[in-house]
Every structure is written in C-alpha cells, then in structure tokens.
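Peer 1: There's a structure below that I have some questions on.
Taken together, the values in this text are just the output of simple stated rules run on the coordinates, not laboratory data. Keep in mind the model is a prediction, meaning the values are calculated, not measured. Cβ placement follows ideal geometry from the backbone for every residue including glycine, while neighbour counts extend to all protein chains displayed.
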Amino acid sequence: MSKNIWRIIAVVSIVFLAIITLHYKTTVDKHIEVSSLVAARIAKIISEKDIIINQKDEQIQKIKTQIEGIKDNNDLLKRDIELYIKTTHPKTSTIVAKSIAENVVAFSREHKISPELVVGIIKVESAFDPAAVGPKTKYGHARGLMQVMPEWVKKFGLKSEYDLHEIDISIETGIKIFKIHLEEGKGDISTGLYYYVNKDKEYVGNVYASMGKFVAFRSIIGEENQNVETDIDLNSDTKQLPKDKKENKNDNTTTGNK
C-alpha cells in the first residue's frame, strides 16, 4: 500500500514539475517576443530620427550652397527680387520669378536705372504677371510686365505687340520708354513716372510705395542686407507734378502720348 502511495506521489510530482516547466517556458517566450517588439520599435524610432536629421542636414547644405553661389551684389539682388516675387505672389512659378529677377538686374544695370524702381513699376503695372493685358483704350491694350502700349512696337523694331509678353522684351522696352520720359522730366523720377503712365499722380505714389516695400523686404531677409540702400528718395512729392490732363481713366497705361 505504501509503495503505491509513493508511486502516486512521484507521478504527481513529475506532472507538477512538467506544468511548471511548460509555464515558465511560455512566460519566457512571451517576454522574448515583447522584448523583440520593443527592440524593433526602438530601431524604427532611431531610423526615423536619422531620416529627419539627414533631411535637415540636406536643407542646411542646400541653403549653404545657395549662399556660396552668391558672388556679388548683383547675385544678391537677383536672389532678393526672386524671393520678393515668390513671397508677395506665391502663385508665380520659380522659373518666371527667376527670369524676371535676372532681366531686371541685367537691363537696369545696362541702362543705368535703379533696379528697385523697375521692381516697383512691374509690381504696380502687372503684379509680376508676364501675361498681363490692360483694359482696352483708344491706343489699344497695354501688355506684359511693364504694360507697354502697342504704339511702341514699331518704334523699337518688335515684330508684334505680343512680343511684349516675353519677359526680357517687356522689361527692356519698358525701361527704354521710362528713360525717354525721364529725359522729358529733366531727370526727375517722379515726373518720368508721371509721363510713363500718361499723367497720373496716384500712379507715381503707388510706384514709390511699391519701391519702399521692396527695400524694406530686402532689409529684413538677411544680415547681408541690413544696410541696403537705394539711390532714390522714397518720399516723393507729387504736388510738384504737372496738372493731370487725362481725358479718360482707362488711358492709365504706358504710352508716348501726353
């Protein structure tokens, strides 16, 4: 009888030990599985952090490359004009903004006209839109960035008034026209603007205001521009301009008629 009891006890003990061993193994496996998931999550987080860091490094490097690409004041001015256009008119494509900036700097330097003045005129005339077309007047439609009238097409040897929608043609033609009116005004910029738009004092004030905004923009976008200046007195006095003689408000476009 005692032998049977010991046998039963032995069997129960073996079974008990087997259950404990199985439970321990299951628990360990679960811990290993949890540990693996945690390790995988940590690895993913580290990987994501590395990607973010790499992206920031790439952005920093891109900015450094852009800064290093600025060789002189003309390059700096081109950059500022492009940024100004993209900031004030976000829908303008980068290609158009860049082309406007390059042509403004090139032709303003060539014809010895303030680039800030050219930017101010373009902003008021067309809001940097090369496809801009003015309202119909008895002289036709003003076209392009600087809203040049068709009558100037033959005078400057252009093939068609639609050439005025070309960025380079519009800017250079507009500058040439302004210089003609500047001479009429004996070198006075306010008077030159007054004749440029067919005698409109309000227009002159708007251009000066536009120039002021661009100069202010340049002064706040970078340390290299903190002392930016323009050779134009932004406090224009339109009271000294000749009396308005426009017969029709719709004639408020660039024309040689006075």
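Peer 1: Given contacts defined as C-alpha pairs under 8 Å and at least six residues apart, what's the relative contact order of region 95-210, whole-number percent?
Peer 2: Averaging sequence separation for qualifying contacts and normalising by length gives 23 percent for region 95-210.
Peer 1: Here's another thing I want to ask about it. Which length gain, in nm to one decimal place, applies between Asp188 and Ser114 when the Cα-Cα distance is subtracted from 0.36 nm times their residue separation?
Peer 2: This chain segment gains 25.3 nm when fully extended.
Peer 1: If you don't mind, there's one more thing I want to ask. Kindly flag which residue pairs out of Lys138/Lys199; Lys91/Lys123; Lys91/Lys201; Lys154/Lys176 have an alpha-carbon separation exceeding 21 Å in this structure.
Peer 2: As for pairs spanning more than 21 Å Cα to Cα, those are Lys91/Lys201.
Peer 1: Same structure again: So for the pair Thr94, Asn73, with labels modelled 7 Å out along Cα→Cβ, what separation do we get in nm?
Peer 2: 2.9 nm
Peer 1: Pop out the ³J(HN,Hα) list for region 202-208 in order, Karplus 6.51 cos²θ - 1.76 cosθ + 1.60 with θ = phi - 60°, rounded to Hz; leave Gly and Pro as x.
Peer 2: With the stated coefficients, region 202-208 comes to 4, 4, 4, x, 5, 5, 4 Hz.
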